[in-house]
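Below is one structure, written out as structure tokens; comments come after it.
Taken together, the values in this text are just the output of simple stated rules run on the coordinates, not laboratory data. Note that the structure is a prediction, hence the values are computed from the model and not measured. Because the Cβ atoms are built from the backbone with ideal geometry, glycine has one as well, and the counts that use them run over all protein chains shown.
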Amino acid sequence: MKLLVTGGAGFIGSNFVIYMLQQHPDYQIVNVDALTYAGNLENLKSVEGNPNYTFAKADITDVEAMDTLFSQGVDIVVNFAAESHVDRSILEPDVFVKTNVLGTQVLLDAAKKYSVTKFVQVSTDEVYGTLGATGLFTEETPLTPNSPYSASKAGGDLLVRAYHETFGLPVNITRCSNNYGPYQFPEKLIPLMISRALADQALPVYGDGMNIRDWLYVEDHCSAIDLVIHEGVNGEVYNIGGNNERTNVHIVNTVLQELGKPDSLITYVQDRPGHDRRYGIDPTKITNELGWKPKHTFETGIKETIQWYLNNKEWWARIQSGEYQKFAELQYGSR
Ligand code: NAD
């Protein structure tokens, strides 16, 4: 079995490549990644030299490069490659549309031309927009994205759906809640707060800090995608979430407590424009139909994650010295 994993040098993609090589030692994995600011081959040091793993540096919007890769034989595509940070999408929407919409279409065309047996589009609950105080996102919830990021992901998802309806391409779309765990780029909430708290820097929290996200440990997301690849019914959407709704300020307080830092580091900053209030996933379908179950609770996952960042300071220190630093200063100032 040969898997083409796009965006495998990013946070979830690299965890997925490592997970799949462990779970399926006989599978071949080709990781294609453009190595944008978010791509980091250091995440994959543990699998370098594995004869079943290869890396190709290429952009998913590059038709010729994708054709060359697919022509070498691909059974399954798992599309993680994306611009993924909401704040960046507010500053630069064009690159989000290019990668998340056009890139998906280029991959779909190649998948169709070379008759892949499964195309899994890794998407997000953010395409469903925002929830009020009650209710959960199901697979039937209408798509009402509110940020350029979520709108571009919704555009990609709709193309995936259309390639199934029009051409019979064997697809699945997975929509997951917020992930956390090892190798997450330190611009995202949890690693950002860990790295700033360790440096005794102010911890910027948007608005009143009461926005709610539904958190999932990245390894549990990987096990869900593995199941969808093998058991997912073609054309179906599967929501993935672990019933772990937490307010942002709860997350930040947990990080401070675990690190023994004072809550005086919390600084409330002007809210993000169009900031969704609450996300909550109903995972009944993947649980009942495919038998998926997460292994981690939020309490065990966050402890493991903080410990990983403490043990791997060089990993994130190197990242923070690069292009991210310019963006971080623009967003959060240099305090
Ligand atoms: P990430 O930003 O860490 O990684 C994205 C990867 O894609 C990077 O390695 C980057 O170099 C690569 N990439 C970007 N543009 C590319 C292009 N044009 N061609 C080839 N490679 C390109 O993102 P992540 O957090 O790992 O998210 C992975 C996927 O999961 C995304 O599709 C995202 O929408 C989705 N998702 C993420 C979360 C989350 O909480 N992080 C939750 C739900 C869904």
Calculate how steeply helix 148-167 sits against the longest principal axis of the alpha-carbon atoms of the chain, using the helix alpha-carbon long axis, and give the answer as 0 to 90 degrees to the nearest 10.
20 degrees
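State, to one decimal in nm², a quarter of the convex hull surface area for the C-alpha atoms of segment 67-139, i.e. the direction-averaged projected area.
On the way: hull surface 25.0 nm².
About 6.3 nm², averaged over all directions.
Nearest 5 is fine: what % of DSSP beta bridges in the chain come out antiparallel, could you say?
Details: 3 of 40 bridges.
Of all bridge pairs located within the chain, approximately 10 percent are antiparallel.
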At 222 nm, what helix-only mean residue ellipticity would the chain give, in deg cm²/dmol to the nearest 500, using -39500 (n - 2.57) for each DSSP H run of four or more?
-12500 deg cm²/dmol
The chain: radius of gyration over Cα atoms, expressed as a fraction of 2.2 N^0.38 Å:
0.95
With bins 10 Å wide starting at 0, give me the P(r) of segment 190-229 over every alpha carbon pair, in whole percents.
23, 32, 28, 16, 1
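Between THR247 and LYS303, what length in nm is gained on full extension when 0.36 nm per residue of separation is reduced by their alpha carbon distance? The partial results should precede the final answer.
Details: separation 56, 0.36 × 56 = 20.16 nm, distance 1.72 nm.
Gain on stretching THR247 to LYS303: 18.4 nm.
Take the Cα atoms of segment 253-309, build their convex hull, and give its volume per residue in Å³.
Working: hull volume 7.7 nm³, N = 57.
It comes to 135 Å³ per residue, whole-number rounded.
What relative contact order, as a whole-number percentage, does the chain give when Cα pairs under 8 Å and 6 or more residues apart are counted? Display every interim value, and only then the final one.
Numbers: 628 pairs, mean separation 58.2, N = 335.
Once divided by the residue count of the chain, the mean separation gives 17 percent.
Please give me, ordered by residue number, the trypsin sites (Lys or Arg not before Pro) of segment 214-315 that lie in loop per DSSP and have at most 16 other Cβ atoms within 10 Å. Could the numbers behind the result be given before it?
Working: sites: ARG246, ARG277, ARG278, LYS285, LYS295, LYS303, LYS313; in loops: ARG277, LYS295.
Of the trypsin sites (Lys or Arg not before Pro), the ones in loops of segment 214-315 whose Cβ has at most 16 other Cβ atoms within 10 Å are ARG277, LYS295.
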LYS2: which lysines have alpha carbons under 18 Å from its alpha carbon, excluding same-chain residues fewer than 8 sequence positions away?
LYS57, LYS112, LYS113, LYS118
Segment 1-74 to segment 288-319: how many Å between their Cα centroids?
21 Å
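Which order do the peptides 104-112, 43-51, 5-13 take when ranked by the mean count of other beta-carbon atoms within 10 Å per residue, highest first? Don't jump to the answer; show the numbers that get you there.
On the way: 104-112: 22.2, 43-51: 13.8, 5-13: 26.8.
Going from most to least packed, we get 5-13, 104-112, 43-51.
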Any chance you could give the angle, 0 to 90 degrees and rounded to 10, that helix 11-23 forms with the longest Cα principal axis of the chain?
60 degrees
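Assuming R0 = 30 Å, what is the FRET efficiency of GLU231 and LYS113, from their Cβ-Cβ distance, to the nearest 0.05? Mind showing how you got there, number by number?
Values: r = 26 Å, r/R0 = 0.86.
Working from the Cβ atoms, E equals 0.70.
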What is the angle, in °, between the Cα long axis of helix 248-259 and the longest principal axis of the Cα atoms in the chain? Nearest 10 is fine, range 0 to 90.
70 degrees
Check which residues have an amide H placed less than 5 Å from ALA56's amide H, if you skip close sequence neighbours.
ASN31, VAL32, ASP33
Fraction in percent of alpha-carbon pairs per bin - 10 Å, segment 1-98:
16, 48, 29, 7, 0
Jot down the per residue volume, in cubic angstrom and as a whole number, of the convex hull over the alpha-carbon atoms of segment 99-204.
140 Å³
With label points set 7 Å from each Cα along the Cα-to-Cβ direction at VAL269 and ASN52, the distance between them in nm comes to 4.3 nm
Enter the per residue convex hull volume of segment 199-275, computed from alpha-carbon coordinates, in Å³ rounded to the nearest integer.
128 Å³
Between TYR27 and ASP208, what is the label-point separation in nm under the 7 Å Cα-to-beta-carbon projection?
4.4 nm
